[in-house]
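The values are calculated or read from the model by the stated rules, or taken from the named source; none is laboratory data. This is a predicted model, so every value here is computed, not measured. Here the Cβ positions follow ideal geometry from the backbone for every residue, glycine too, while neighbour counts run over all protein chains shown. In case anyone asks, the SASA skips ligands and DNA or RNA and just uses the protein heavy atoms, side chains included. Shrake-Rupley method; radii C 1.70, N 1.55, O 1.52, S 1.80 Å.
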Amino acid sequence: MTDPLPPAADAIAANLARIKARIAEACARAGRDPAGVTLVAVSKTHPAEAVRAALAAGQAVFGENRVQEAAGKFPALRPDHPGLRLHIIGGLQTNKARDAVRVADVIESLDRPKLAAAIAEAIRREGRSPELLVQVNTGAEPQKSGIARDEARDFLRACREEHGLAVSGLMCIPPEGEDPVPHFRWLAEFAAKEGLGTLSMGMSGDFESAIACGTTQVRVGSAIFGARPYPAQAAGLASGQALGQG
Ligand SMILES: *Cc1c(COP(=O)(O)O)cnc(C)c1O
(Lines give C-alpha, C1' and ligand atoms only; values in the text may rest on other atoms or scores of the structure.)
Protein backbone atom coordinates (compact mmCIF):
# COMPACT_ATOMS: atom_id res chain seq x y z
CA MET A 1 0.00 0.00 0.00
CA THR A 2 1.38 3.42 -0.91
CA ASP A 3 1.01 6.16 1.64
CA PRO A 4 -1.42 8.93 0.73
CA LEU A 5 0.22 12.36 0.68
CA PRO A 6 -0.28 14.16 3.98
CA PRO A 7 -2.54 17.20 3.68
CA ALA A 8 -0.67 20.48 3.29
CA ALA A 9 -0.44 22.86 6.24
CA ASP A 10 -3.13 25.13 4.80
CA ALA A 11 -5.51 22.18 4.39
CA ILE A 12 -4.98 21.23 8.05
CA ALA A 13 -5.68 24.84 9.10
CA ALA A 14 -8.83 24.93 6.96
CA ASN A 15 -10.02 21.59 8.36
CA LEU A 16 -9.47 22.81 11.91
CA ALA A 17 -11.48 25.96 11.22
CA ARG A 18 -14.28 23.87 9.73
CA ILE A 19 -14.39 21.47 12.69
CA LYS A 20 -14.41 24.35 15.17
CA ALA A 21 -17.30 25.95 13.29
CA ARG A 22 -19.21 22.64 13.42
CA ILE A 23 -18.49 22.35 17.15
CA ALA A 24 -19.82 25.89 17.66
CA GLU A 25 -22.98 25.08 15.67
CA ALA A 26 -23.56 21.85 17.59
CA CYS A 27 -23.12 23.77 20.85
CA ALA A 28 -25.59 26.43 19.70
CA ARG A 29 -28.17 23.74 18.88
CA ALA A 30 -27.65 22.18 22.31
CA GLY A 31 -27.70 25.53 24.12
CA ARG A 32 -24.13 24.99 25.25
CA ASP A 33 -21.11 27.29 25.49
CA PRO A 34 -18.46 26.16 22.96
CA ALA A 35 -15.82 26.93 25.58
CA GLY A 36 -17.12 23.80 27.35
CA VAL A 37 -16.01 21.49 24.53
CA THR A 38 -12.30 20.81 24.02
CA LEU A 39 -11.18 19.70 20.58
CA VAL A 40 -8.54 16.97 20.83
CA ALA A 41 -6.80 16.72 17.45
CA VAL A 42 -5.91 13.06 16.97
CA SER A 43 -2.58 12.97 15.14
CA LYS A 44 -1.78 9.25 15.37
CA THR A 45 0.08 7.92 12.32
CA HIS A 46 0.63 11.46 11.03
CA PRO A 47 4.13 12.97 11.06
CA ALA A 48 5.35 15.74 13.36
CA GLU A 49 5.01 18.20 10.45
CA ALA A 50 1.25 17.69 10.53
CA VAL A 51 1.25 18.42 14.27
CA ARG A 52 3.37 21.53 13.65
CA ALA A 53 0.89 22.72 11.03
CA ALA A 54 -1.96 22.32 13.52
CA LEU A 55 0.04 24.11 16.23
CA ALA A 56 0.70 26.97 13.82
CA ALA A 57 -3.06 27.18 13.26
CA GLY A 58 -3.59 27.60 17.00
CA GLN A 59 -4.47 24.02 17.97
CA ALA A 60 -2.86 23.08 21.30
CA VAL A 61 -4.50 19.79 22.33
CA PHE A 62 -3.54 16.52 20.65
CA GLY A 63 -4.36 12.84 20.98
CA GLU A 64 -2.17 9.83 20.25
CA ASN A 65 -3.07 6.23 20.84
CA ARG A 66 0.44 4.77 21.09
CA VAL A 67 2.83 5.90 23.79
CA GLN A 68 5.92 5.16 21.73
CA GLU A 69 4.68 7.16 18.77
CA ALA A 70 3.71 10.03 21.09
CA ALA A 71 7.13 9.94 22.78
CA GLY A 72 8.77 10.15 19.37
CA LYS A 73 6.79 13.19 18.24
CA PHE A 74 5.82 15.42 21.12
CA PRO A 75 8.67 16.12 23.58
CA ALA A 76 10.61 18.00 20.88
CA LEU A 77 7.62 20.27 20.23
CA ARG A 78 7.05 21.27 23.85
CA PRO A 79 9.80 23.89 24.32
CA ASP A 80 8.30 26.07 21.56
CA HIS A 81 4.70 25.36 22.58
CA PRO A 82 4.29 25.57 26.35
CA GLY A 83 0.49 25.31 26.03
CA LEU A 84 0.66 21.96 24.27
CA ARG A 85 -1.47 19.23 25.88
CA LEU A 86 -1.06 15.59 24.91
CA HIS A 87 -3.78 12.98 25.53
CA ILE A 88 -3.02 9.26 25.37
CA ILE A 89 -6.26 7.78 24.03
CA GLY A 90 -5.30 4.21 23.13
CA GLY A 91 -5.35 1.01 25.15
CA LEU A 92 -2.33 1.04 27.41
CA GLN A 93 -0.08 -1.89 28.24
CA THR A 94 0.92 -2.02 31.88
CA ASN A 95 4.61 -1.96 30.97
CA LYS A 96 4.04 1.34 29.12
CA ALA A 97 2.46 3.07 32.12
CA ARG A 98 5.66 4.83 33.14
CA ASP A 99 6.34 6.13 29.62
CA ALA A 100 2.73 7.29 29.42
CA VAL A 101 2.97 9.19 32.72
CA ARG A 102 6.19 10.79 31.51
CA VAL A 103 4.83 11.97 28.14
CA ALA A 104 1.10 12.62 28.65
CA ASP A 105 -0.93 15.44 30.16
CA VAL A 106 -4.05 13.28 30.09
CA ILE A 107 -4.40 9.48 30.02
CA GLU A 108 -7.88 8.56 28.75
CA SER A 109 -7.55 4.78 28.77
CA LEU A 110 -7.36 3.74 32.43
CA ASP A 111 -9.40 0.53 32.38
CA ARG A 112 -8.19 -2.16 34.80
CA PRO A 113 -6.77 -2.60 38.30
CA LYS A 114 -3.27 -3.67 37.21
CA LEU A 115 -2.97 -0.59 35.04
CA ALA A 116 -4.24 1.61 37.89
CA ALA A 117 -1.53 0.19 40.14
CA ALA A 118 1.14 0.71 37.47
CA ILE A 119 0.04 4.31 36.83
CA ALA A 120 -0.03 5.07 40.57
CA GLU A 121 3.51 3.71 40.91
CA ALA A 122 4.67 5.68 37.84
CA ILE A 123 3.19 8.89 39.25
CA ARG A 124 5.14 8.35 42.48
CA ARG A 125 8.38 7.70 40.63
CA GLU A 126 8.06 10.41 38.02
CA GLY A 127 6.62 13.11 40.27
CA ARG A 128 4.23 13.94 37.44
CA SER A 129 0.44 13.51 37.55
CA PRO A 130 -1.43 13.41 34.26
CA GLU A 131 -5.17 13.87 34.39
CA LEU A 132 -6.89 10.47 34.30
CA LEU A 133 -10.04 9.29 32.55
CA VAL A 134 -11.52 5.82 32.87
CA GLN A 135 -12.39 4.19 29.56
CA VAL A 136 -15.65 2.23 29.58
CA ASN A 137 -16.27 -0.48 26.98
CA THR A 138 -19.92 0.52 26.63
CA GLY A 139 -20.53 -1.89 23.76
CA ALA A 140 -18.98 -4.89 25.58
CA GLU A 141 -16.74 -5.55 22.58
CA PRO A 142 -14.20 -8.24 23.39
CA GLN A 143 -11.49 -6.70 21.19
CA LYS A 144 -11.82 -3.23 22.70
CA SER A 145 -10.12 -1.68 25.73
CA GLY A 146 -12.27 -0.36 28.56
CA ILE A 147 -13.82 -1.57 31.78
CA ALA A 148 -17.22 -3.28 31.52
CA ARG A 149 -20.25 -1.12 32.35
CA ASP A 150 -21.21 -3.17 35.38
CA GLU A 151 -17.67 -3.13 36.79
CA ALA A 152 -17.08 0.57 36.25
CA ARG A 153 -18.45 1.73 39.59
CA ASP A 154 -16.28 -0.61 41.67
CA PHE A 155 -13.29 0.16 39.49
CA LEU A 156 -13.66 3.91 40.03
CA ARG A 157 -13.84 3.31 43.78
CA ALA A 158 -10.71 1.12 43.64
CA CYS A 159 -8.85 3.78 41.63
CA ARG A 160 -9.63 6.37 44.28
CA GLU A 161 -9.43 4.36 47.47
CA GLU A 162 -6.88 1.61 46.76
CA HIS A 163 -4.61 3.38 44.30
CA GLY A 164 -5.05 7.00 45.40
CA LEU A 165 -5.74 8.11 41.83
CA ALA A 166 -7.81 11.22 41.12
CA VAL A 167 -10.01 10.24 38.17
CA SER A 168 -11.60 13.28 36.55
CA GLY A 169 -13.82 11.73 33.92
CA LEU A 170 -14.82 8.99 31.50
CA MET A 171 -14.13 8.02 27.89
CA CYS A 172 -15.85 5.64 25.47
CA ILE A 173 -15.64 4.49 21.85
CA PRO A 174 -19.06 3.19 20.75
CA PRO A 175 -19.11 0.14 18.46
CA GLU A 176 -18.61 0.96 14.80
CA GLY A 177 -21.78 0.87 12.74
CA GLU A 178 -24.08 1.26 15.76
CA ASP A 179 -26.03 4.33 16.81
CA PRO A 180 -23.58 5.96 19.23
CA VAL A 181 -26.23 8.02 21.06
CA PRO A 182 -27.31 5.36 23.61
CA HIS A 183 -23.64 4.83 24.45
CA PHE A 184 -23.03 8.58 24.85
CA ARG A 185 -26.15 8.93 27.01
CA TRP A 186 -25.19 6.03 29.24
CA LEU A 187 -21.69 7.44 29.79
CA ALA A 188 -23.03 10.95 30.50
CA GLU A 189 -25.53 9.63 33.05
CA PHE A 190 -22.96 7.45 34.73
CA ALA A 191 -20.50 10.37 34.93
CA ALA A 192 -23.19 12.54 36.54
CA LYS A 193 -23.95 9.84 39.11
CA GLU A 194 -20.28 9.54 39.95
CA GLY A 195 -19.74 13.30 40.11
CA LEU A 196 -17.25 13.24 37.22
CA GLY A 197 -17.11 16.42 35.14
CA THR A 198 -15.07 15.36 32.12
CA LEU A 199 -16.48 13.31 29.24
CA SER A 200 -14.42 12.25 26.22
CA MET A 201 -16.78 11.05 23.50
CA GLY A 202 -17.26 11.72 19.81
CA MET A 203 -14.90 11.27 16.84
CA SER A 204 -14.90 12.56 13.22
CA GLY A 205 -18.13 10.74 12.37
CA ASP A 206 -20.21 11.47 15.46
CA PHE A 207 -18.84 14.40 17.47
CA GLU A 208 -21.97 16.49 16.95
CA SER A 209 -24.14 13.79 18.58
CA ALA A 210 -21.64 13.58 21.44
CA ILE A 211 -21.94 17.34 21.98
CA ALA A 212 -25.74 17.01 22.08
CA CYS A 213 -25.22 14.34 24.77
CA GLY A 214 -23.05 16.64 26.89
CA THR A 215 -19.48 15.69 26.06
CA THR A 216 -16.72 18.04 27.20
CA GLN A 217 -14.04 16.66 24.84
CA VAL A 218 -14.21 15.41 21.25
CA ARG A 219 -11.42 13.38 19.65
CA VAL A 220 -11.20 14.21 15.96
CA GLY A 221 -8.55 12.71 13.69
CA SER A 222 -9.29 12.10 10.03
CA ALA A 223 -11.54 15.16 9.60
CA ILE A 224 -8.50 17.30 10.50
CA PHE A 225 -5.46 15.39 9.25
CA GLY A 226 -7.00 13.37 6.43
CA ALA A 227 -7.06 9.61 5.99
CA ARG A 228 -4.48 7.78 8.05
CA PRO A 229 -1.40 6.41 6.24
CA TYR A 230 -2.29 2.97 7.58
CA PRO A 231 -5.64 1.52 8.61
CA ALA A 232 -7.24 2.32 11.95
CA GLN A 233 -6.97 -1.34 12.86
CA ALA A 234 -3.19 -1.29 12.53
CA ALA A 235 -3.22 2.05 14.37
CA GLY A 236 -4.73 0.27 17.34
CA LEU A 237 -8.31 1.50 17.23
CA ALA A 238 -9.51 -2.10 17.02
CA SER A 239 -7.94 -5.43 17.86
CA GLY A 240 -4.28 -4.96 18.80
CA GLN A 241 -4.76 -2.57 21.67
CA ALA A 242 -6.79 -4.88 23.84
CA LEU A 243 -3.94 -7.38 24.01
CA GLY A 244 -1.72 -5.59 26.45
CA GLN A 245 -3.36 -6.87 29.63
CA GLY A 246 -1.21 -7.79 32.54
C1 LIG B 1 -8.15 7.29 16.06
C2 LIG B 1 -9.00 7.63 17.22
C3 LIG B 1 -9.89 8.72 17.17
C4 LIG B 1 -10.07 9.60 15.94
O5 LIG B 1 -10.80 8.94 14.98
P6 LIG B 1 -11.32 9.69 13.66
O7 LIG B 1 -12.45 8.87 13.21
O8 LIG B 1 -10.18 9.72 12.71
O9 LIG B 1 -11.74 11.05 14.08
C10 LIG B 1 -10.64 8.99 18.30
N11 LIG B 1 -10.52 8.26 19.43
C12 LIG B 1 -9.68 7.20 19.50
C13 LIG B 1 -9.62 6.43 20.77
C14 LIG B 1 -8.90 6.85 18.41
O15 LIG B 1 -8.07 5.80 18.51
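Given a 1.4 angstrom probe, I'd like the percentage of the accessible area of segment 64-156 that is carbon and sulfur, rounded to a whole number. Carbon plus sulfur share of accessible area: 47 percent. Counting charges near residue 114 (Lys, Arg +1; Asp, Glu -1) among other residues having Cβ under 14 Å from its Cβ returns a value of -1. Per residue, segment 120-174 exposes an accessible area of 47 Å² to a 1.4 Å probe, with every protein chain left in place.
All Cα-Cα separations within segment 162-223 were binned at 10 Å from zero, giving a P(r) of 24, 52, 19, 5, each value a whole percent of the pairs. A simple count of charges around residue 209, restricted to other residues whose Cβ falls under 14 Å of its Cβ and scoring Lys, Arg +1 and Asp, Glu -1, yields 0.
Can you pull a Stokes-Einstein diffusion coefficient for the chain at 4 °C (1.567 mPa s), Rh from Kirkwood over Cα pairs, as a whole number of µm²/s? Translational D for this selection: 72 µm²/s.
Under a 5 Å amide H cut-off, with hydrogens placed 1.01 Å from N, residue 85 pairs with 61, 62 among residues at least 5 apart or on other chains. Cross-link pairs exceeding 22 Å between alpha carbons, from the set 44/144; 20/44; 20/73; 73/96: 20/73.
Give the Debye-formula value of log10 I(q)/I(0) at each listed q (0.13, 0.16, 0.20, 0.21 Å⁻¹), with one equal scatterer per alpha carbon of segment 27-124, two decimals each. After summing over all Cα pairs, the log10 values are -0.50, -0.71, -0.96, -1.01.
For segment 31-89, relative contact order (Cα pairs under 8 Å, six or more residues apart, normalised by length) works out to 37 percent. The apolar share of the surface of segment 5-58, taken as the fraction of accessible area on carbon and sulfur atoms (1.4 Å probe, ligands and nucleic acids excluded), comes to 58 percent.
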